[in-house]
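Engineer: Got a structure for you, questions after.
Nothing in this text is a laboratory measurement; each read-out follows from the coordinates by a stated rule. Treat the numbers as computed from the prediction; the structure is a model and nothing was measured. Here the Cβ positions follow ideal geometry from the backbone for every residue, glycine too, while neighbour counts run over all protein chains shown.
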Amino acid sequence: MMREKARERCSEQVQAFTHCCKESGFLMVFKCREENAALKDCLIKHYQDPVFFEECKKEYIQEKLEFERTGIPSKQRKQKLPTSM
């Protein structure tokens, strides 16, 4: 959960790294070092943020309680139900 949320918050760096990798092909290991470093720095900043951790922890606990109450995983609850059967 923290990884997904951190990637959303670092979307600029994720897009820059992805773009660099697509353009560089097999040489991405060498050509995309700056983009990779920027992405890692951004992600680590969020992983070490205690406020961000608590926010994710609360959301996780809410999802866990909802699962215990309904028995339906959160991914299935978020999917739209078909309108016609």
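Engineer: Sort 52-65, 7-20 for me by packing, meaning the mean count of neighbouring Cβ atoms within 10 Å per residue, highest on top. It would help to have the intermediate numbers written out before the result.
Structural biologist: Working: 52-65: 12.7, 7-20: 15.0.
Ranking the peptides 52-65, 7-20 by packing returns 7-20, 52-65.
Engineer: Under the Cβ-under-4.7 Å rule, which cysteines of the chain stay unpaired?
Structural biologist: C21, C56
Engineer: Grab the eigenvalues of the alpha-carbon gyration tensor for the chain, scale each by 5, take roots, and send me the semi-axes largest first in whole angstrom. Mind showing how you got there, number by number?
Structural biologist: Numbers: eigenvalues 228, 80, 14 Å².
Square roots of five times the eigenvalues give 34, 20, 8 Å.
Engineer: Hey, another quick one. Would you count, across the stretch 2-77, every pair of lysines whose alpha carbons are under 21 angstrom apart, provided the pair is eight or more residues apart or spans two chains?
Structural biologist: 14
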